[in-house]
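**Student:** The structure's right below; bear with me while I get my questions together.
The values are calculated or read from the model by the stated rules, or taken from the named source; none is laboratory data. As the structure is a computational prediction, the values presented were derived from the model and not from experiment. Cβ sites come from the backbone with ideal geometry, for glycine too, and all protein chains shown count toward neighbours. Please note that ligands, DNA and RNA were not included when accessible areas were found on the heavy atoms of the full protein model with its side chains. Shrake-Rupley method; radii C 1.70, N 1.55, O 1.52, S 1.80 Å.
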Amino acid sequence: MERVYNFSAGPGVMPESVLEQAKKDLMNYGGCGMSVMEMTHRGKYFQDIFDNAKELFKNLLKVPDSHEILFLQGGATLQFAQIPMNLLCGGSADYAVTGNFSNKAAKEAKKYGSVSIAYTSEETGHDRIPSQAELKLSADAKYFYYCANNTIYGTEWQYVPQTGAPLVCDMSSDIMTREINVPDFGIIYAGAQKNMAPAGLTVVIVKKELAGNEMPCTPETMSYANMIKADSMLNTPPCWCIYMLSLMLEWVKEKGGVKAMDELKRQRSELIYSVLDNSSFYIPHAQKASRSFMNITFRTPNPELDTEFIREAEKRGLVNLKGHKITGGLRASLYNAMPLEGALELSNFMKEFEIRHV
Ligand code: PMP
């Protein structure tokens, strides 16, 4: 069967060369006679994979020694609890609510301390990102929390907020798509299943000096300090995902690193946004200045046409364009592994569809 162009919001598309390499290694990794799925995480073969993945990650995002890279489990969602358990501890934190996931994170944090809503875009259907001036910052906040890219609504912060408190950022859907200055952040975390690896791995970058103050009830595996000490291997790590991460990061490096990913994402998204901007048919969700490079959200004039759009697109090998169930409508996710041709195919299809249905 031919491969399709997969616009899934996550788990997302992976490069064919990465999948081919995984296939090659599946039965006999590096001549050891078994697959990565079958080997002990305490052995040399896996340790080399782990070290390579960590080194690639460190180099690609220029992670300084002040910060530790952790390979954890529980999805990005577990971080909604792990962060306040380790950092909030009965104190107060500022949360910017710009979508479903930051809302969930703020709700979860309330179990461990008090939460002050620094901004919410709920009233306008989460169609925008606040300006720096709109953020209501508290003097006593232990941290400021935000979600860099709102996967469901298709909005993305195009600046790093200036706050007195350490920054905690959910980069699940836009990590590895831009250069970032890691020292600006206390914690960066990302579920890997969009731009980095299969589902099952969460990468967390923790400023080491913030670790070690967790609440006494914190489970052993949810203490950042414990995981830093054990180099993510307090228990069995998600070995296969870490191996896939190493292949993905090798691919990013070969392509020219995050700077090249940044250029490509602009080209891809421009192909789709230019269709939306030149159309009186499609209705974009996000305000222009808040648009995401990763997830493009829009709709046609009515839900029946949305369904028809999805049906016709599928026939052309353009799949997973249905919007999230919260928003309805349509969504095209353009992660790092989406070839430019995929975005071009979609933009051509959108233009044709408009002509036929306007
Ligand atoms: N944050 C963001 C920005 C997301 O897009 C998602 C879902 N994909 C999550 C958090 C939750 O991730 P997970 O399903 O890995 O818990």
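For (1) assigned to a helix (DSSP H, G or I); (2) within 20 Å of E16 (Cβ to Cβ); (3) open to solvent by 30 Å² or more (accessible area, probe 1.4 Å), each residue gets a yes or a no:
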site	(1), (2), (3)
S269	yes, no, no
I272	yes, no, no
E304	yes, no, yes
T327	no, no, yes
E341	yes, yes, yes
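**Student:** From the list S35, S92, pick out the single residue that is more than 16 Å from the ligand (Cβ to nearest atom), under 28 Å from Y119 (Cβ atoms) and either at pLDDT 95 or above or open to solvent by 60 Å² or more (accessible area, probe 1.4 Å) (or both).
**Tutor:** Step by step, each of S35, S92 is checked, and only S92 is more than 16 Å from the ligand (Cβ to nearest atom), under 28 Å from Y119 (Cβ atoms) and either at pLDDT 95 or above or open to solvent by 60 Å² or more (accessible area, probe 1.4 Å) (or both).
**Student:** For residues in the range 131-181 being under 25 Å from K325 (Cβ atoms) and of a type in the set (D, E), which is nearest to the ligand (Cβ to nearest atom)?
**Tutor:** So, considering only residues that are under 25 Å from K325 (Cβ atoms) and of a type in the set (D, E), the one nearest to the ligand (Cβ to nearest atom) is D170.
**Student:** Taking into account only those residues within the range 124-145 that are charged (D, E, K, R) and more than 14 Å from Y159 (Cα to Cα), which is most open to solvent (accessible area, probe 1.4 Å)?
**Tutor:** Top of the filtered list is K136.
**Student:** I've got another one for you. Sort out which residues of the range 154-168 are of a type in the set (V, I, T) and under 30 Å from L276 (Cα atoms), and write them in order of number. Walk me through how you get there before you give the answer.
**Tutor:** So the first thing to find is which residues in the range 154-168 are of a type in the set (V, I, T), and the list is 155, 160, 163, 168.
Listed by number, the residues that qualify are T155, V160.
**Student:** Any residue at all in the range 187-198 that's more than 21 Å from L72 (Cβ to Cβ), part of a strand (DSSP E or B), within 15 Å of the ligand (Cβ to nearest atom) and under 11 Å from the mean Cα position of the chain (by Cα)?
**Tutor:** The answer is no, given that none of the residues of the range 187-198 is more than 21 Å from L72 (Cβ to Cβ), part of a strand (DSSP E or B), within 15 Å of the ligand (Cβ to nearest atom) and under 11 Å from the mean Cα position of the chain (by Cα).
Here's the yes/no breakdown for (1) at positive phi; (2) touching a residue at least 60 places away in the same chain (Cβ under 8 Å); (3) of a type in the set (S, T, N, Q):
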position	(1), (2), (3)
I152	no, yes, no
T177	no, yes, yes
Y189	no, yes, no
G200	yes, yes, no
E209	no, yes, no
M215	no, yes, no
I228	no, yes, no
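**Student:** Out of all the residues in the range 18-32, which are under 22 Å from the mean Cα position of the chain (by Cα) and either open to solvent by 60 Å² or more (accessible area, probe 1.4 Å) or over 15 Å from A197 (Cα atoms) (or both)?
**Tutor:** L19
**Student:** Can you pull out the residues in the range 1-17 that are more than 16 Å from the ligand (Cβ to nearest atom) and surrounded by fewer than 18 Cβ atoms within 10 Å (Cβ to Cβ)?
**Tutor:** Correct list: M1, E2, R3, V4, E16, S17.
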